[in-house]
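Trainee: Please read through the structure below; I'll follow up with questions.
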Amino acid sequence: MRVLIVGSGGREHAMAWKLAQSSRVQQVYVAPGNGGTAKDKNLVNVPITDLAALRQWAQTNGIGLTLVGPEAPLAAGIVDDFRAHGLRIFGPTQAAAQLESSKAFSKAFMQRHGIPTAAFETFTDAAQAHAYVDRQGAPIVVKADGLAAGKGVVVAMTLAEAHEAIDFMLLDNTLGVAHNAGGARVVIEEFLQGEEASFMVLCDGKNVAALATSQDHKRLLDKDEGPNTGGMGAYSPAPVVTAEVHARAMREVILPTIRGMEKDGINYTGFLYAGLMIDSQGRIKTLEFNCRMGDPETQPILMRLKSDLLEVLLAATSEGLGQLEMEWDRRIALGVVMAAAGYPMNPRKGDVISGLPKDEIDAMVFHAGTTEKDGQIQTSGGRVLCVTALADSVKQAQQKAYQAASPIAFDGMQMRRDIGHRAVKN
């Protein structure tokens, strides 16, 4: 079978790498791909980003299955278009993808269907938003309503930070984020205490199958300081997701979401990612929904997946998840992101990357913001690489990942040195 991966990040590199291991896969294409997928002899990059042109290419080239990595094509309706032309594709429809593409839609949906989440209000008027923040006080969370590549959330620890975020998102609209009605909008919600975890499942329209648990580090700097990013590293499994928390997440968040979408006339297929805040008593609240696998969580999760990913996806596109049991490596997988100079707000492109090690069975360098130019691998985005390793403990996985990352260099490189610190047993 010929398989197409849509996207250019580390998540898509990991998906393509895993699918290429299936004995039933004839060829894996990545559109548009990156420098890492370009240099992998088992993968072929397809330099097409226009979705209609990509669908025509998939028809012409006999693509048997398409897997969508990032959120933007989902929000643009790629699943609807491919399906309308008889192509097998895994992901949510444009209507279902609103759970991620509009935070206002998502929060109203959770409120309507009794899914635990932080108290919130939605604003298009900056003056009203400022007044609300003054009444509520800090800390408080300000979110741009729309797709912002993981950079549309400000956890404001002071009122000044909150007011600055409101002006940035509503008045400047620097992120270029707009909701379906066309203008800037923000969701302002209460600050929640606890530990975050990423809870991801596959949905086939009827059945749900949970992926291995994971946890990522959103802040740019060590000790979880600095600005929010798309994620500076991740590990799997997440010790904070105990068996009780797992059952609660399925019962209180995942299943009510799938049923709620159905009640609203939307059949949900694809990955569903619930960002959870877990308090000291094991109670959970939903921070956000994503309609695709997380990045960088995908990299450690797929390093641990022992099942054939193609078989998993074929089951997921034929209402077969009810009979599916995924097999997982018992070891810990941990991924460390290496980011470009200026990330997250103004990442620099064009820096030459040196020292890339050879891939190993238990230590992989997944490319994200890279491109191949004149025989060199260069930076082309904010998060450049995710060095991911498997080992028997979190500490050993840490050591192996950082050891694999140590020879890699490029000007202005940013990398946290404490990924997995919450899970390390003293």
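The values are calculated or read from the model by the stated rules, or taken from the named source; none is laboratory data. Because the structure is a prediction, the values reported are computed rather than measured. Ideal geometry is used to build each Cβ from the backbone, glycine not excepted, and the neighbour counts take in all protein chains shown. Each accessible area value is taken on the protein alone, full model and side chains, heavy atoms only, with ligands, DNA and RNA left out. Shrake-Rupley method; radii C 1.70, N 1.55, O 1.52, S 1.80 Å.
Trainee: Would any residue of segment 182-217 have its amide N under 20 Å from a label point 7 Å out along Cα→Cβ of Ser318? List them or say none.
Mentor: Under cut-off, by backbone N: 202-210.
Trainee: Each residue of segment 48-60 in turn: what ³J(HN,Hα) in whole Hz from Karplus with 6.51, -1.76, 1.60 and θ = phi - 60°, glycine and Pro shown as x?
Mentor: For segment 48-60, the Karplus curve yields 10, 10, 5, 5, 5, 5, 5, 4, 5, 5, 4, 5, 5 Hz.
Trainee: Kindly work out what percent of the DSSP beta bridges joining two residues of the chain are antiparallel, to the nearest 5.
Mentor: If we restrict to bridges inside the chain, about 80 percent are antiparallel.
Trainee: Segment 177-278: D in µm²/s via Stokes-Einstein (Kirkwood Rh, Cα pairs, 20 °C, 1.002 mPa s)?
Mentor: Taking Rh from Cα pairs, D becomes 137 µm²/s.
Trainee: Go through Ile332, Pro139, Ala52 and say which Cα lies farthest out towards the positive end of the charge dipole of the chain; charges sit on Cβ, +1 for Lys and Arg, -1 for Asp and Glu.
Mentor: The Cα lying farthest towards the positive end belongs to Ile332.
Trainee: For the chain, what is the Kirkwood estimate of the hydrodynamic radius, computed as the reciprocal of the mean inverse distance between distinct Cα atoms, to one decimal in Å?
Mentor: When all Cα pairs of the chain are included, the Kirkwood radius is 21.7 Å.
Trainee: At 222 nm, what helix-only mean residue ellipticity would the chain give, in deg cm²/dmol to the nearest 500, using -39500 (n - 2.57) for each DSSP H run of four or more?
Mentor: Per the formula, -7000 deg cm²/dmol.
Trainee: While we're on this one: Could you look at segment 276-426 and say what percent of its accessible area is carbon and sulfur, using a 1.4 Å probe and all protein chains?
Mentor: Ligands and nucleic acids excluded, carbon and sulfur give 44 percent.
Trainee: My understanding is that a pair violates if its Cα-Cα distance is over 25 Å; which of Lys358/Lys400; Lys18/Lys358; Lys41/Lys395; Lys39/Lys223; Lys223/Lys306; Lys107/Lys206 do that in this structure?
Mentor: Beyond 25 Å between Cα atoms: Lys41/Lys395; Lys39/Lys223; Lys223/Lys306.
Trainee: Then there's this: Around Ser23, with a cut-off of 11 angstrom between Cβ atoms, what is the net charge of the other residues, counting Lys and Arg +1 and Asp and Glu -1?
Mentor: Neighbourhood net charge equals -1.
Trainee: Taking Cα pairs under 8 Å and at least six residues apart, what relative contact order does segment 72-218 come out at, in percent?
Mentor: 20
Trainee: Along segment 401-413, what does the Karplus equation 6.51 cos²θ - 1.76 cosθ + 1.60 (θ = phi - 60°) give for ³J(HN,Hα), rounded to whole Hz, x for Gly and Pro?
Mentor: Using θ = phi - 60°, the values come out as 5, 5, 5, 5, 7, 4, x, 6, 8, 7, 4, x, 4 Hz.
Trainee: Now a separate question. Before I look further, what does segment 333-383 give for accessible area per residue, probe 1.4 Å, in whole square angstrom?
Mentor: 45
Trainee: Okay, next question. Just going by the charge dipole of the chain, with Lys and Arg at +1 and Asp and Glu at -1 on Cβ, which of Thr229, Ser198, Val25 is farthest out on the positive end?
Mentor: Positive-most Cα among the choices belongs to Val25.
Trainee: Here is a follow-up. Which percent of the accessible area of segment 9-93 is formed by carbon and sulfur heavy atoms (probe 1.4 angstrom)?
Mentor: After summing per-atom areas, the C and S share lands at 47 percent.
Trainee: Here's a follow-up. Give the span of segment 299-404's Cα atoms along each principal axis, as three whole-Å numbers ordered largest to smallest.
Mentor: 47, 34, 28
Trainee: Tell me, what ³J(HN,Hα) does each residue in segment 340-356 have, in order and in whole Hz, if you take phi through Karplus 6.51 cos²θ - 1.76 cosθ + 1.60 with θ = phi - 60° and put x for Gly and Pro?
Mentor: 6, 4, x, 5, x, 7, 9, x, 8, 10, x, 7, 6, 9, 10, x, 5
Trainee: Using +1 on the beta carbon of Lys and Arg, -1 on that of Asp and Glu, and nothing else charged, what's the dipole of the chain about the Cα centre, debye to 20?
Mentor: Using Cβ point charges on Lys, Arg, Asp and Glu, the chain gives about 700 debye.
Trainee: Using only alpha carbons, build the gyration tensor for segment 13-104 and give me the equivalent ellipsoid semi-axes, biggest first, whole Å.
Mentor: 23, 15, 12
Trainee: Another one. What whole-number distance in Å separates the alpha-carbon centres of segment 242-283 and segment 58-129?
Mentor: 16
Trainee: Another question about this same structure. Could you sort the peptides 107-115, 195-203 by per-residue average Cβ neighbour count (10 Å cutoff), highest mean leading?
Mentor: Packing proxy ranking, top to bottom: 195-203, 107-115.
Trainee: Out of residues 5 or more away from Asp351 or on other chains, whose amide H comes under 5 Å of its own, with H placed 1.01 Å from N in the peptide plane?
Mentor: Thr379
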